[in-house]
1. Mind checking the full-extension length gain between Leu107 and Glu206? Use 0.36 nm per residue of separation minus the Cα-Cα distance, one decimal, nm.
2. Can you give me the % of accessible surface on the range 15-143 that is carbon or sulfur? Probe 1.4 Å, all protein chains present, nothing else counted.
3. If the cut-off is a Cα-Cα distance under 21 Å, which lysines reach Lys151, setting aside same-chain residues fewer than 8 apart in sequence?
4. Using label points projected 7 Å from each Cα along Cα→Cβ, tell me how many nm separate Asn16 and Ile169, to one decimal.
5. Determine ³J(HN,Hα), in whole Hz, for all residues of the range 43-59 in sequence, where each value follows from phi through the Karplus function 6.51 cos²θ - 1.76 cosθ + 1.60 and θ = phi - 60°; x replaces Gly and Pro.
6. Lys57: which lysines have alpha carbons under 30 Å from its alpha carbon, excluding same-chain residues fewer than 8 sequence positions away?
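The values are calculated or read from the model by the stated rules, or taken from the named source; none is laboratory data. Everything quoted here is computed from the prediction, not taken from an experiment. Note that we place each Cβ from the backbone using ideal geometry, even for glycine, and neighbour counts take in every protein chain shown. Surface areas here come from the heavy atoms of the whole protein model, side chains and all, with no ligands, DNA or RNA. Shrake-Rupley method; radii C 1.70, N 1.55, O 1.52, S 1.80 Å.
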Amino acid sequence: MSADNSGGNVTVPLRNLLNSIQCIRDRARGNYDFFLISTAVKAVSQEATKLSLAFSKPPLPSQQDGEKLSESILKSVLTLSTVYYWLPKSQGVSLRRQVRDATVEVLDGVIQLLEVILSSPLQSLSQDQLTSTGGVWSACDQFAQLPQDNKAAVLVVLSSQIAVVKDAIEEIEQALSEAEDPFNDVLDDDQEEENPRGNQDTYWSEQDRRVIAPCQGLVKASTACLRKLTLAVKTNGNSGSPQNVAQLDDLADISKEISPGVDDLALCLYPPMDYSGVENNVRHTSSHVCREPELTWVQFLEGAVDHNLQKAKDLIQQDS
């Protein structure tokens with residue numbers, strides 16, 4: 001009976017060894033199994049929970065138990081980091097960045113949990129400890145939402161860029177909806193002055209509002225471009241070859257330049273309007289490679305951009 005148990009116990013480390021070597025072999029081949037990282041992050045979540053519970057009420061763990069807890073959570077963290085490093089760049093830079101960011105968020109959560117435990121009175125479960133433990137769980141849960149290939153990762157990038165540009169459009173429209181001074185609830189002129197709203201540094205003139213219109217058109221064209229790119233990637237994108245993966249990464253990098261340009265343009269529009277800044281930033285337009293059936297749409301977008309660009313420049317020159 002004892003011999004059977006002994007044999008069973010011996011096979012456990014051998015099976016673990018087999019799994020590890022198989023993972024290393026797959027890594028050498030350039031293959032990657034997301035089940036590995038899912039398993040690793042689940043282990044971190046479980047170890048963080050054990051750690052938090054061990055220091056939530058008396059009696060405290062003995063020094064020996066504390067060392068075992070520390071070794072166990074360190075092992076889980078090292079495993080997670082190793083599995084991330086196993087993800088080859090050939091799978092896509094965009095994909096690797098998102099897995100990296102998720103991994104770093106888990107590590108930050110574990111660090112915060114340890115710092116809270118060390119700084120809180122022992123043998124008591126503080127609200128900060130509960131919050132930190134929940135933070136680790138939340139960071140680990142995000143791995144279930146991670147993209148599985150570079151195409152999906154690039155779609156995540158495009159979606160985030162669309163959200164940023166939409167926010168800029170909504171902010172401009174909200175400010176324009178104000179009858180007079182968009183900052184009238186923040187900046188109040190001295191009502192005793194003869195011209196209480198004479199300082200045009202705090203609100204838009206009619207000329208400013210005319211300049212804003214074509215700039216809005218440019219920002220909306222940026223949104224249309226990002227939406228069209230998203231549709232093109234969904235329809236035509238694939239991660240089946242290194243060339244396709246690289247093209248998707250290039251597309252993601254280019255799309256990331258749109259939202260900072262839109263933000264810069266929006267900042268220049270607020271009073272007092274920076275006309276030279278507006279002129280420089282309206283030049284920030286983007287066009288991207290699409291398949292032949294979509295070339296007509298690209299030409300249409302370029303026409304809309306050129307129209308709004310020229311209109312904005314003409315209005316700025318008139319004011320000058």
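1. In short, 30.4 nm is gained.
2. 56 percent
3. Of all the lysines, those that pass the test against Lys151 - Cα under 21 Å, at least 8 places apart if same chain - are Lys89, Lys228, Lys234, Lys256.
4. Between Asn16 and Ile169, the label points sit 5.4 nm apart.
5. So the Karplus estimates, Gly and Pro as x, are 5, 4, 4, 5, 5, 5, 5, 4, 4, 5, 5, 5, 10, 9, 7, x, x Hz.
6. Lys57 reaches Lys42, Lys68, Lys75.
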